[in-house]
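Peer 1: Before we start, here is the structure in question, set down as C-alpha cells.
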Amino acid sequence: MIRRRLMAALAAALLPVSGLPQDTGDIVVAQIGPFTVLPAPDPKELNEGLTAALDEINGRGGIQGRRVSLVKLDDTYTFDGFRQQLGAVMAQKPVALLTPLGSATLKGLLDSQLLDTTDIVILNAVPGASVLRSPGHPKLFHIRAGDEQQIHKIVAHARALSIRSMGVLHQNIPIGSSGLASARSAAAELGGIEIVEAQSATDAAALAQAAKALAAANPQSALVVGAPKFSGEAIAALRAAGVSQQIFSLSYLPAPALVKFAGNGARGVGLSQTFPNPMGATLPLQRDFRAAMRKTHPALTDYTTFHMEGYITARVFAEAARRSRSLNPSGIAQALRAMGEVDLGGFRVNFAKGNLGSNWVDIGVVSGDGKLLY
C-alpha cells in the first residue's frame with residue numbers, strides 16, 4: 001500500500017504543473033529586412049545563410065527537441081516599416097530577431113527606445129556603425145566586428161604601406177558619418193596619416209562631384225563608407241575621376257557586386273572582412289557552411305560574406321538556445337553572456353565581456369577575375 005502511494009506521488013511529480021505553459025511547438029525567430037526596396041542582395045543572402053543553418057539544425061533534431069521556425073518580413077528599408085513588422089510578428093512570440101539591416105532603421109530603433117518596450121533580443125544587426133554600438137542596448141548583440149574595428153585595420157594597413165593621406169568618401173547617413181569619425185580617430189591614434197573628407201548623396205551627379213573633389217585633393221589612398229550600392233558606385237566614380245591609388249571599403253560590399261558597379265575599376269580594391277572566406281575550405285566552419293548551402297540552396301554556386309554571416313548568426317543563436325534554461329528572449333540573452341567563448345570551427349564568439357562577440361577582421365583584395373583574395 002505504501003509502495004503504491006509512493007509510486008503515485010512520484011508519477012504526479014513528473015507530470016506538468018497545472019497552469020504552467022509547456023512549450024512543445026516551434027521555436028520562432030524572425031528576420032525583418034529590406035527585401036523589396038534595398039537595391040542590393042544583402043537581406044536575401046543573409047536569409048539564404050540563415051535558412052541553410054536552420055535546415056542543418058532542424059535536420060539534427062532541432063533545439064531541445066523543438067524545430068526552429070524563421071519568419072521573414074519586409075520593412076521596405078524604413079524604420080516605420082520595421083516598427084510595423086516588429087509589432088506584427090510579436091503575436092507569434094519570437095525569441096530573437098536575427099540580422100536586421102539598415103543604419104537609419106537601427107538608429108531609429110535605438111532612438112525610439114523600442115527595445116525597452118518589446119520582449120525581443122536582437123542578434124547581429126547590420127551595419128556595425130559605432131553610433132549603433134556606443135552605448136548600444138543590452139538586448140542588442142553584435143557578432144560582426146564593428147566599423148570602428150574594420151576602419152582601424154584599414155588605416156593601420158595603409159600606414160604599414162607608408163601611405164600618408166587617405167580621402168574618405170562617405171554617404172550622408174549614420175554609417176557614413178560614423179565611419180568618417182572612426183577614420184579620424186584611427187588616424188589620430190596611429191599618427192602620420194592625414195584624413196581628407198568628401199560627403200555625398202546617392203545620386204550620380206552628387207557622387208561624380210564628390211569624386212572629382214577628392215581626386216583634386218590627390219590623397220595617396222581612399223576609403224569609401226556607405227551602403228553597398230553607394231560604395232560600389234562611389235568606387236566607380238572615383239576611378240572615373242582619375243583616382244588610381246589604393247581604394248578601400250568595408251565588408252558590406254561583396255566583391256561580385258563591386259565588379260558589377262565598377263568593372264575593371266574593382267581590381268585591387270581592398271575590402272575589410274569580418275567573417276572567414278565563404279569560398280574557402282580550410283576551416284571546419286567553412287566546410288560546414290558550404291555543405292549546408294549546397295543542401296538547402298543547390299542552385300547557388302558562388303557564396304558571399306552575407307551568406308556566411310547569416311549562417312554564423314543562426315549557429316550562434318542555436319548555441320545560446322541549447323544552453324538556455326528558458327527559451328524566451330531573456331533566457332537567450334542570459335545564455336549568450338554566460339556561454340563564454342564558443343568556437344564554431346575556426347571562428348570564435350564571446351559575449352562574456354559585453355555585447356560585441358567578435359573582433360575578427362581581415363582585408364581581402366579584389367582580383368582581376370572578380371574574386372576576393374585573402
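Peer 1: Just for the range 199-213: of the residues that are closer than 20 Å to SER165 by Cα and under 29 Å from the mean Cα position of the chain (by Cα), which one is most open to solvent (accessible area, probe 1.4 Å)?
Peer 2: GLN199
Peer 1: Within the group SER272, SER251, which residue is modelled with pLDDT under 95, open to solvent by less than 10 Å² (accessible area, probe 1.4 Å), touching a helix residue (DSSP H, G or I) at 6+ places or on another chain (Cβ under 7 Å) and of a type in the set (Gly, Ala, Ser)?
Peer 2: On the way: SER272 fails: modelled with pLDDT under 95.
Testing whether each residue is modelled with pLDDT under 95, open to solvent by less than 10 Å² (accessible area, probe 1.4 Å), touching a helix residue (DSSP H, G or I) at 6+ places or on another chain (Cβ under 7 Å) and of a type in the set (Gly, Ala, Ser) leaves just SER251.
Peer 1: What are the residues in the range 186-198 that are within 26 Å of SER103 (Cα to Cα) and either open to solvent by 60 Å² or more (accessible area, probe 1.4 Å) or modelled with pLDDT under 95 (or both), if any?
Peer 2: ALA188, GLU189, GLU197
Peer 1: Next up: Determine whether the range 61-76 contains at least one residue that is out of contact with any strand residue (DSSP E or B) (no Cβ under 9 Å at 6 or more places or on another chain), closer than 25 Å to THR118 by Cα and not in a strand (DSSP E or B).
Peer 2: From the range 61-76, those out of contact with any strand residue (DSSP E or B) (no Cβ under 9 Å at 6 or more places or on another chain) are 61, 65, 76; that's our starting set.
Now restrict to residues that are closer than 25 Å to THR118 by Cα: 76.
Restricting the remaining residues to those that are not in a strand (DSSP E or B) gives 76.
Yes - at least one qualifying residue is present in the range 61-76.
Peer 1: Still on this model: Looking only at the range 216-238, decide whether some residue is over 12 Å from GLY167 (Cβ atoms), surrounded by fewer than 20 Cβ atoms within 10 Å (Cβ to Cβ) and of a type in the set (A, V, I, L, M, F, W, C).
Peer 2: No - not one qualifying residue is present in the range 216-238.
Peer 1: Further question on the same structure: Checking ALA227 against (1) in contact with a Gly (Cβ under 7 Å, 6 or more places away or on another chain); (2) more than 16 Å from ILE195 (Cβ to Cβ): exactly one of these is not met. Which one?
Peer 2: (1)
Peer 1: So is LEU38 modelled with pLDDT under 95, within 21 Å of GLY128 (Cβ to Cβ) and assigned to a loop (DSSP other than H, G, I, E, B) or not?
Peer 2: yes
Peer 1: Say whether the condition of being under 20 Å from ILE154 (Cβ atoms) and either in contact with a Cys (Cβ under 6 Å, 6 or more places away or on another chain) or among the charged types (D, E, K, R) (or both) is met by at least one residue in the range 249-266.
Peer 2: No.
The values are calculated or read from the model by the stated rules, or taken from the named source; none is laboratory data. A quick note: this is a predicted structure, and the numbers were derived from the prediction, not measured. All Cβ positions, glycine included, derive from the backbone under ideal geometry; neighbour counts span all protein chains shown. Side chains included, ligands, DNA and RNA excluded: accessible areas come from the protein's heavy atoms. Shrake-Rupley method; radii C 1.70, N 1.55, O 1.52, S 1.80 Å.
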